[in-house]
Amino acid sequence: MQSWILSLAAALLTLGMGLGPAQAEPDRDGGEELPMAELELLTEVYSRIKRDYVEDVDDAELFRAAARGMLAELDAHSTYLDEAQLEALQEGTRGEFTGVGLELSRDGDAIRVVAPIDDTPASRAGLQAGDVLLRVDGEPVQGTRLNDVVERLRGEPGTDVELTVRRGEGSTEPRHFELERGTIQVDSVRSRMLEPGYGYLRISRFQERTATELYTALEGLLDEAGGALSGLILDLRNNPGGVLHTSVAVADAFLTSGTIVYTEGRMRNAEMAFDATPLDRARGAPMVVLINRGSASASEIVAGALQDRDRAVVMGQPSFGKGSVQSVIPLDGAAMKLTTARYFTPQGRSIQDDGIQPDIVVEPLSLAEQPGEATPAVPPHARARPADDDGGASGLAQEDYVLHEALSLLKGLRVIRER
């Protein structure tokens with residue numbers, strides 16, 4: 001790769017100085033010959049900008065723009081990161097940043113919400129996975145680089161930002177949200193007992209400390225249940241992903257053997273496989289994993305591993321389908337985030353595009369007061385509470401129908417087991 005860059009620089013210098021095109025020569029790494037016609041096109045564009053553009057443009061700015069363009073054309077997840085954007089990425093893995101709490105993805109020219117982060121301005125306002133972002137403070141975002149949109153959403157805590165979104169494929173009426181930016185401190189794991197013996201774990205995203213938080217939460221649930229759980233629900237709805245090794249550690253918490261996930265890519269170090277260790281921290285408790293269209297990347301790794309290893313029933317909606325590995329490669333203060341591999345579940349299923357298909361499909365409904373009525377839940381992520389609070393199990397069904405169905409399934413499995 002370095003020889004390619006050196007050859008490109010030489011070609012730019014040669015053409016920029018008017019000395020004629022450089023001659024094609026084999027790549028020093030033993031690869032194919034350099035694409036000289038394309039290099040000449042690139043250098044012609046560069047020369048024209050330098051000579052004819054209405055304003056003088058700094059060389060460094062041009063080359064950074066070229067790098068951004070090359071990465072952006074690859075896929076929705078490869079991108080150039082300047083210093084501020086690199087710091088923002090690192091903040092996200094640490095679990096603290098400023099903004100409104102949205103995980104976004106580029107979908108063609110559109111900017112789409114992967115998931116709102118739990119208990120943030122975005123989730124409290126009712127933004128949902130799948131919403132298409134149309135405007136930020138009245139300015140259109142269609143065709144805008146994803147990093148630029150993220151920067152516009154960031155700002156000083158306490159300042160306001162107005163979002164306009166389109167909800168659903170057939171929707172024509174835009175929705176407007178006025179949000180106040182804040183310091184987003186994400187506790188990635190939450191837990192509670194839904195009923196005696198039935199535990200609930202919610203992972204909102206996979207950060208550096210998520211596995212440790214999970215171990216602590218599990219021990220707390222087991223202590224409260226007297227050492228053994230009758231059932232456990234792992235809620236990964238609207239979890240946009242995060243750190244690969246953390247997702248492996250979370251899946252490993254419930255598995256005792258076999259492959260968790262493996263990756264394939266062109267680079268030698270992109271070929272990885274992760275296996276489970278013998279300790280099941282849930283002590284064999286029957287499990288249901290909840291996913292939806294906002295469950296992506298690391299969430300899909302965990303759900304796919306537990307599904308393929310027959311450790312859990314997966315319930316909810318098909319997941320997002322982000323099955324690629326992004327490597328962050330330092331570039332002298334900046335960095336590039338480059339897709340270098342794809343994830344595969346233990347049974348060899350590709351997560352990319354297809355996502356994880358639930359064993360039991362349940363739409364996110366909330367039960368109304370009148371029998372027979374049901375309405376879509378807004379937002380569709382769990383706000384779990386004990387089932388004996390505010391109306392017992394029926395109260396839970398009204399607030400979170402999918403979670404209620406998961407609890408019912410675990411109870412049914414217990415009845416079958418005890419016969």
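The values are calculated or read from the model by the stated rules, or taken from the named source; none is laboratory data. Remember, it's a predicted structure, so these values are computed and weren't measured experimentally. All Cβ positions, glycine included, derive from the backbone under ideal geometry; neighbour counts span all protein chains shown.
Restricting attention to the stretch 377-406, report how many residues are among the acidic types (Asp, Glu) and modelled with pLDDT of 70 or more.
Looking only at the stretch 377-406, we keep the residues that are among the acidic types (Asp, Glu), and these are 388-390, 399-400, 405.
Filter again for modelled with pLDDT of 70 or more, leaving 399-400, 405.
Number of matching residues: 3.
In the stretch 351-369, is there at least one residue being at pLDDT 95 or above, assigned by TED's automatic domain parsing to the domain that holds THR246 and crowded, with 20+ Cβ neighbours inside 10 Å? Within the stretch 351-369, one or more residues are at pLDDT 95 or above, assigned by TED's automatic domain parsing to the domain that holds THR246 and crowded, with 20+ Cβ neighbours inside 10 Å.
Could you tell me which of the residues ARG268, ARG281 is at pLDDT 95 or above, surrounded by fewer than 22 Cβ atoms within 10 Å (Cβ to Cβ) and charged (D, E, K, R)?
Details: ARG268 fails: at pLDDT 95 or above.
None of the others qualify; the one that does is ARG281.
For THR216, the conditions (1) of a type in the set (Val, Ile, Thr); (2) under 30 Å from ALA341 (Cα atoms); (3) not in a loop (DSSP other than H, G, I, E, B) are fulfilled apart from (2).
Considering only residues that are among the aliphatic types (A, V, I, L, M) and either more than 29 Å from GLY323 (Cβ to Cβ) or crowded, with 24+ Cβ neighbours inside 10 Å (or both), which ones fall in the stretch 219-250? Steps first, please.
Our first condition is that a residue be among the aliphatic types (A, V, I, L, M); within the stretch 219-250, this holds for 221-222, 225, 228-229, 232-234, 236, 243-244, 248-250.
Listed by number, the residues that qualify are LEU221, LEU222, ALA225, ALA228, LEU229, LEU232, ILE233, LEU234, LEU236, VAL250.
Those strands (runs of 3 or more DSSP E) of the stretch 158-200 in which at least 1 residues are exposed (fewer than 13 other Cβ atoms within 10 Å of the Cβ), of a type outside the set (Asp, Glu) and free of Cβ contacts under 8 Å to residues at least 24 places away in the same chain, considering only elements entirely within it, cover 175-180. Taken across the stretch 273-291, residues that are in a helix (DSSP H, G or I) and touching a Leu at 6+ places or on another chain (Cβ under 7 Å) do not occur at all. For GLU180, the conditions (1) touching a helix residue (DSSP H, G or I) at 6+ places or on another chain (Cβ under 9 Å); (2) in the same structural domain as ALA285 (by TED's automatic domain parsing) all hold with the exception of (2).
Kindly indicate whether any position in the stretch 121-129 is at pLDDT below 85 and within 26 Å of ALA298 (Cβ to Cβ). Yes, the stretch 121-129 has at least one match. For the stretch 267-291, the tally of residues that are touching a strand residue (DSSP E or B) at 6+ places or on another chain (Cβ under 9 Å), closer than 21 Å to ALA303 by Cβ and not charged (D, E, K, R) stands at 12. Here ALA115 does not fit the description of being in contact with an Asp or Glu (Cβ under 9 Å, 6 or more places away or on another chain), hydrophobic (A, V, I, L, M, F, W, C), over 20 Å from PHE320 (Cβ atoms) and touching a residue at least 24 places away in the same chain (Cβ under 8 Å).
Considering only residues that are outside any loop (DSSP other than H, G, I, E, B) and out of contact with any strand residue (DSSP E or B) (no Cβ under 8 Å at 6 or more places or on another chain), which ones fall in the stretch 223-244?
To start, the set of residues in the stretch 223-244 that are outside any loop (DSSP other than H, G, I, E, B) comprises 223-224, 231-235, 242, 244.
Listed by number, the list holds a single entry, ASP223.
Residue pairs whose Cβ atoms lie under 7 Å apart, separated by 6 or more positions or on different chains, with the first residue in the stretch 26-43 and closer than 18 Å to MET267 by Cβ and the second modelled with pLDDT under 85 and hydrophobic (A, V, I, L, M, F, W, C), are ASP27/TRP4; ASP27/LEU34.
Taking the stretch 144-157, which residues are more than 27 Å from SER319 (Cβ to Cβ) and either without any contact (Cβ under 8 Å) to a residue 40 or more places away in the chain or small (Gly, Ala, Ser) (or both)? Hits for the stretch 144-157 are ASP148, ARG152, GLY155. Restricting the search to the stretch 236-248, which residues are in contact with a Gly (Cβ under 9 Å, 6 or more places away or on another chain) and on the phi < 0 side of the Ramachandran plot? Passing the criteria: LEU236, ARG237, ASN239, PRO240, SER247.
Here ILE111 fulfils each of the conditions (1) more than 23 Å from GLN207 (Cα to Cα); (2) surrounded by fewer than 21 Cβ atoms within 10 Å (Cβ to Cβ) apart from (2). Of the set (1) at pLDDT 80 or above; (2) within 28 Å of ARG167 (Cα to Cα); (3) crowded, with 17+ Cβ neighbours inside 10 Å, all apply to LEU409 but (2).
Among the residues of the stretch 183-198, those identified as touching a Ser or Thr at 6+ places or on another chain (Cβ under 7 Å) and small (Gly, Ala, Ser) are SER188, GLY197.
Taking the listed residues ALA9, ALA65, the one that is modelled with pLDDT under 85 and closer than 30 Å to LEU146 by Cβ is ALA9, with no other qualifying.
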